[in-house]
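Below is one structure, written out as structure tokens; comments come after it.
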Amino acid sequence: MVPDFLLPEWVPNAHPLIVHFPIALIFVSLAADALALWLGDQWETGREVATGLYAATGLSAVVSYYSGTWAIDTVPIVTPGAAQTLSTHSFWAWYTMASTSGYALLRTAGLFVSRVRTRRSAHLVLFVLGLGTLYPMYETGENGGAMVYKRGVGVTRIQEVPPSSSPAQDSTRRDTVQATEPTPRTGAP
């Protein structure tokens, strides 16, 4: 878990900051892999670069998944619809983590098998399998977005009740102009 003092004031937990890494990395991985497939022997280390990027994607998906499981305790889930969306999001997040990290292991193992490493057809098959990791990531993001933008989950931190009976300071007050008392009108009605 990331301590609160390391997080910006506007974020309820680290998950929204972490979750975008596997999303970006999967597209960079696929782009590098497509380029390595297209260039073939002209880019000698292309498969290794793509495999390294897939490994980073799988690792970041694991970190993102677990940051999400820790994030659940920091946000209120107040409606049955939000709970159902959270359940669906969690399922797809687990599947994304398993598919991307499993695919990264498969690609890494392929580097050590000469028949896989040297054949362009094997590379093409692996590339198509890599494209398959996009669907669970899409579903995870779709449900994560629905939780925030449709259900309102995670837009604020869970607030602790202050120990005194005084009202809590309104954090929006500093961003607004204080209204002044209207001046009385003078003159004819």
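The values are calculated or read from the model by the stated rules, or taken from the named source; none is laboratory data. Since the structure is predicted, the reported quantities are computational estimates derived from the model, not experimental observations. Backbone-built Cβ (ideal geometry, glycine too); neighbour counts: all protein chains shown. Just the protein is used for accessible areas: all its heavy atoms, side chains included, with ligands, DNA and RNA removed. Shrake-Rupley method; radii C 1.70, N 1.55, O 1.52, S 1.80 Å.
Here are some notes:
- With N counted as the residues of segment 1-108, its alpha-carbon radius of gyration over 2.2 N^0.38 Å works out to 1.30.
- For segment 1-83, chymotrypsin sites (Phe, Trp or Tyr not before Pro) are listed when DSSP marks them as loop and at most 16 other Cβ atoms sit within 10 Å of their Cβ; the list is 10, 43.
- Across the alpha-carbon atoms of segment 50-163, the computed radius of gyration and Dmax are 18.2, 68 angstrom.
- Considering segment 74-127 at the alpha-carbon level, its Rg and Dmax are found to be 18.5, 54 Å.
- Computed over segment 5-53, the alpha-carbon pair-distance distribution with 5 angstrom bins reads 5, 21, 19, 13, 10, 9, 9, 7, 5, 2, each value a whole percent.
- Accessible area per residue for segment 1-148, computed on protein heavy atoms with a 1.4 Å probe, is 56 Å².
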